[in-house]
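Below is one structure, written out as C-alpha cells, with a few remarks after it.
The values are calculated or read from the model by the stated rules, or taken from the named source; none is laboratory data. This is a predicted model, so every value here is computed, not measured. Glycine gets a Cβ as well: all are built from the backbone with ideal geometry, and neighbour counts include every protein chain shown. To get the accessible areas, we keep the full protein, side chains included, count just its heavy atoms, and leave off ligands, DNA and RNA. Shrake-Rupley method; radii C 1.70, N 1.55, O 1.52, S 1.80 Å.
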Amino acid sequence: MRKLTRLQKILSILICICLIFSFVMLSLRQNSLSNLGYSAWTYIKYGLIEHPLESLTNSISDLSNLWHVYEDNEFLKEELAQQRSYKTLYEEERNKNEDLEKLLDMKNSLLDALTISCSVVQRSASSWKQTVTISAGKAQGVKENMIAITSEGAIGLVESVQSATSIVRLLTSEDLVNDIAVKISLEDGSSVEGVLQSYDPDKGAYCVSLFNNDAQVSIGQSVATSGSGGNYPSGLFVGTVVDVSKSDDAIISTVYVSPVSNMKSFEYVLVVGNEE
C-alpha cells in the first residue's frame, strides 16, 4: 500500500477539521431552532389557553367572594333589624311592667276604696279621645260613674256596664256628662274646690270652675278628686294647672288643667269606686 504524501496528510486533516466544524455548527443550529419553536408554542399556549383560563378562574373567585360578602351583609342587616325589634319589645314590656307596678302601688294605697284591675280591649281611632272599652264589667263589680285611672292619674268615668266589659267616657271627651268634683292644693297648705266641667281641645286642657274665686291659684299646682258628689274617693290625681283665666274685675273664673301624661296611650286601667 502506497503511503500518503505530506500534502495529502495535510489536506486530509483539514478536511476532517472542516467536517467536524460543520457537524458542530449544524448541531447548534438545530438546537436553536428547537428552542425557538418551544418558546413560540409556550407563548401561544399561555396567551390563548392558560391566561384566559386563569382570568376566568379569578373572575369566578371574585364573584363568589362578592356573593359571600352580600350574604354576610344581608345576614348582618337581619340581625340588626332583629336587635332593633328585640329592643323595641323590651322597651314595651318594660313600660308595661312599670305601669303595672305603679297601678299596684296605687291599689295598695287605696285600702278604703273598691279597686278593680283591668286592661283596655278596644279604643277605636274614630273615638280616640272619647271612649275606651275595658275588660271588666258587672261580674267584676264595676258600676256606672266609677272613675278610671292609669298609672299617672284619672282618665275618665264609667259610662255603661256590661257583664264582662265596660265603656269609659274619657275626660277629654266632648260629651262628658257628669262633672267631676276636684280640689287644688294651694301653696299655703290649704285647698280650693271646684268642678271639672269640660275639655278645651284648643288649649289641650280641662276647664275647671272654682267655688272660691278669691283663691290664689298658680300654674304648676296639682289637681285631684275631692270625693264630693261622685262614686269615687278623694285624692286621685287629675292633672296640673297650666293657665288661669281671670275676668275683668281680677276674679278667677276658670282654671285650665293639663291631663295626665299618658292620656293618649295606656293599656292598663284601675277602676276605683267607694267601698260600700
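Against the list (1) touching a residue at least 60 places away in the same chain (Cβ under 8 Å); (2) among the aromatic types (Phe, Trp, Tyr); (3) open to solvent by less than 60 Å² (accessible area, probe 1.4 Å), the condition TYR206 fails is (1). Residues in the range 151-163 that are touching a helix residue (DSSP H, G or I) at 6+ places or on another chain (Cβ under 6 Å) and in a loop (DSSP other than H, G, I, E, B) were compared, and the one that is surrounded by the fewest Cβ atoms within 10 Å (Cβ to Cβ) is SER163. Among the strands (runs of 3 or more DSSP E) confined to the range 165-270, the ones with at least 3 residues that are modelled with pLDDT of 85 or more and more than 26 Å from LYS129 (Cβ to Cβ) are located at 191-200.
Just to be sure, is ARG123 without any contact (Cβ under 8 Å) to a residue 24 or more places away in the chain and touching a strand residue (DSSP E or B) at 6+ places or on another chain (Cβ under 7 Å)? Yes; evaluated as a whole, the condition is true for this residue.
The one condition from (1) more than 28 Å from SER109 (Cα to Cα); (2) aliphatic (A, V, I, L, M); (3) in contact (Cβ under 8 Å) with a residue 40 or more places away in the chain that VAL244 does not meet is (3).
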